[in-house]
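The values are calculated or read from the model by the stated rules, or taken from the named source; none is laboratory data. Note that the coordinates shown come from a computational prediction; the quantities given were computed from them, not determined experimentally. Ideal geometry is used to build each Cβ from the backbone, glycine not excepted, and the neighbour counts take in all protein chains shown.
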């Protein structure tokens, strides 16, 4: 069913709210003064309550009637079926009443008459009545009287959505959570965070900017910590829809934490630092956000340890709020000097009630927004970075080391798993003991440690040095969402304890059936690469930005075969991805290598992988092209190769290709065309990971095809024999 809803927001925040609703998939919207109305499902309204960072309340209108007198207001309320919404006995209500250009202008008396109408109806029907509770009632009723027309709504938010649930300590004149979020959204922080930019709040107070920035960057729902909403005890509450949304939010939180950039803050006041740390701990981000007692003038000493690019954001003192205007210009001047000299590639965002103070920074303003900080009308000032740099100059992640099962584990807090979680932890420990010895012997840091060994824990756990890539297989709809999330929580808690790794080294992704180029699409753009070793060769991987990491672990043996067969041959790598097979061919003393892919990103990645191993120069060519078209050109040019690796996508409808490619339908023509490029004694290794793939052997009269799928199955993938299929193809 669809309903009408009204979402309210503060001055200046409606455009941000409208964008949020679009991103949530809510389309039928109408913007009015102070609110946006939309038509959608109850689940849509719940999603707004959970995910909106700037909304104040979500209202669900249930009645509309004329009320020119308090008696008419009372009767209209009395006639509504309140018994459909709450029970009389043991329940609580609260009423919020507002009036605009109407004959009833005494809001307190209007609220009293609304309450009387509800209570009297219950007393007449049942002899019982609900009681009044202003703080967190079972049902909050909102009545808005405009031009003598009463709009009666259920307040689904229950209390203002700016209350996230993490503020356990305060400081003087704190910034409201939704205002901090609106400032960060206006300053494009979510986009910058995806690019790996850092964030500093040098006057952090109780830590609101830091926490809101972290929740955005880590894709944490702003309402995830709240345990009360206006629908919690409502009789029409859709509990199953809410379970689904909470489960989705928990998965997104686990996944997003791995993409969290550097976020740090400080304050000269020790009590403010204490409050910030307490609030950060409440949201569960103590190991992700650092806060120190630090004077503003001490920040330049931290510059070398922070990212090249970032954003400084703060709520400095300003005249009406905390100080005398004439005494504050030195503070703004100092801030500007610090940015220009020590953080030249960092943007700056400030909120102030006096934009003249902002001029003392000496920075170049590029955007300005009006927002209210409580009763104070303010401006948000966004300044350009004095000397911005390109993303390519960002510092790369350091190389990582392999885990040694015999090493002393780092100190971990006590771990007391449930019975089921202990089963998972024990299996992980057993697999690690077995596989780590094999990996060490083979000079390999990357392998699959666990692959849905226990049906209750349907995840794949891949080790990349001292980083872990976790993929959760989408649970069937028959599984209770809360139970599925609890199992995921078990996994994410057990892994750092068993492997003695920090939680920040665990990356989670939800693995679903992929179509087209989804497996290669970007999830972000932090470009944080990690160097790892496989079979003695080095590779750059990226755990956060894409669904896959840049190194398909199940092809390890296939790559080793390429190295063994490549000596003295011209090697061709089609649909090359990040060129790992090319690295093996070069290591196997191939005469030349040719790497073909349609993506510039992956070709550059492939070049970096070869350079990382010292393979550069004329023998190694990189060609950006649609492989299907390039094959025809190569055949016409009579190009021949002694060894070819062909690992195409299962399906592709890329905008850079004509038509649609399907490996099952098109494999015959693809293999025939590719085989024409073989030398007389050449070998074509063809692979696909389509699980229901069937090779049409009868279609290849002039080729000899040998199924080597089992021979190319690595030890760490033995539980999953359908991870890929592979054939060795030669001319008959």
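Within segment 438-447, one or more residues are within 26 Å of the chain's Cα centre (by Cα) and modelled with pLDDT of 95 or more. Check segment 324-331 and report whether any residue there is in the same structural domain as residue 272 (by TED's automatic domain parsing), at pLDDT 95 or above and either surrounded by fewer than 20 Cβ atoms within 10 Å (Cβ to Cβ) or not in a strand (DSSP E or B) (or both). No, that holds for no residue. The single condition from (1) more than 11 Å from the chain's Cα centre (by Cα); (2) in contact (Cβ under 8 Å) with a residue 24 or more places away in the chain; (3) outside the structural domain of residue 270 (by TED's automatic domain parsing) that residue 251 fails is (1). Filter segment 190-209 down to the residues that are surrounded by 24 or more Cβ atoms within 10 Å (Cβ to Cβ), in contact with a helix residue (DSSP H, G or I) (Cβ under 7 Å, 6 or more places away or on another chain) and over 25 Å from residue 172 (Cβ atoms) and list them by number. Correct list: 193 only. Screening residue 572 on (1) crowded, with 20+ Cβ neighbours inside 10 Å; (2) part of a loop (DSSP other than H, G, I, E, B) shows it passes everything except condition (2). If you go through segment 576-585 and keep only what is within 34 Å of the chain's Cα centre (by Cα) and assigned to a helix (DSSP H, G or I), you end up with 580, 581, 582, 583, 584.
The single residue among 241, 272, 173, 182 that is in contact (Cβ under 8 Å) with a residue 40 or more places away in the chain and touching a strand residue (DSSP E or B) at 6+ places or on another chain (Cβ under 8 Å) turns out to be 182.
Against the conditions (1) under 15 Å from residue 627 (Cα atoms); (2) at pLDDT 95 or above, residue 681 satisfies every one except (1). The set of residues from segment 355-386 being assigned to a loop (DSSP other than H, G, I, E, B) and either buried (at least 16 other Cβ atoms within 10 Å of the Cβ) or touching a strand residue (DSSP E or B) at 6+ places or on another chain (Cβ under 7 Å) (or both) comprises 363, 364, 384, 385, 386. Scanning segment 1-38 for residues that are in contact with a helix residue (DSSP H, G or I) (Cβ under 6 Å, 6 or more places away or on another chain) and assigned to a loop (DSSP other than H, G, I, E, B) returns 13, 24, 26. The strands (runs of 3 or more DSSP E) located wholly in segment 586-665 that include 3 or more residues which are in contact (Cβ under 8 Å) with a residue 12 or more places away in the chain and surrounded by fewer than 19 Cβ atoms within 10 Å (Cβ to Cβ) occupy 620-624. Filtered by the rule that a residue be modelled with pLDDT under 95 and part of a helix (DSSP H, G or I), segment 335-354 gives no residues. Hey, any hits in segment 38-46 for a residue that's in the same structural domain as residue 120 (by TED's automatic domain parsing), under 26 Å from residue 107 (Cα atoms) and crowded, with 22+ Cβ neighbours inside 10 Å? Checked segment 38-46: no residue is in the same structural domain as residue 120 (by TED's automatic domain parsing), under 26 Å from residue 107 (Cα atoms) and crowded, with 22+ Cβ neighbours inside 10 Å. For segment 504-539, what are the residues that are outside any strand (DSSP E or B), modelled with pLDDT of 90 or more and in contact with a strand residue (DSSP E or B) (Cβ under 8 Å, 6 or more places away or on another chain)? If the condition is that a residue be outside any strand (DSSP E or B), modelled with pLDDT of 90 or more and in contact with a strand residue (DSSP E or B) (Cβ under 8 Å, 6 or more places away or on another chain), then 505 is the only one that fits.
Of the numbered criteria (1) in a loop (DSSP other than H, G, I, E, B); (2) modelled with pLDDT under 95; (3) buried (at least 19 other Cβ atoms within 10 Å of the Cβ), the one residue 550 fails is (2).
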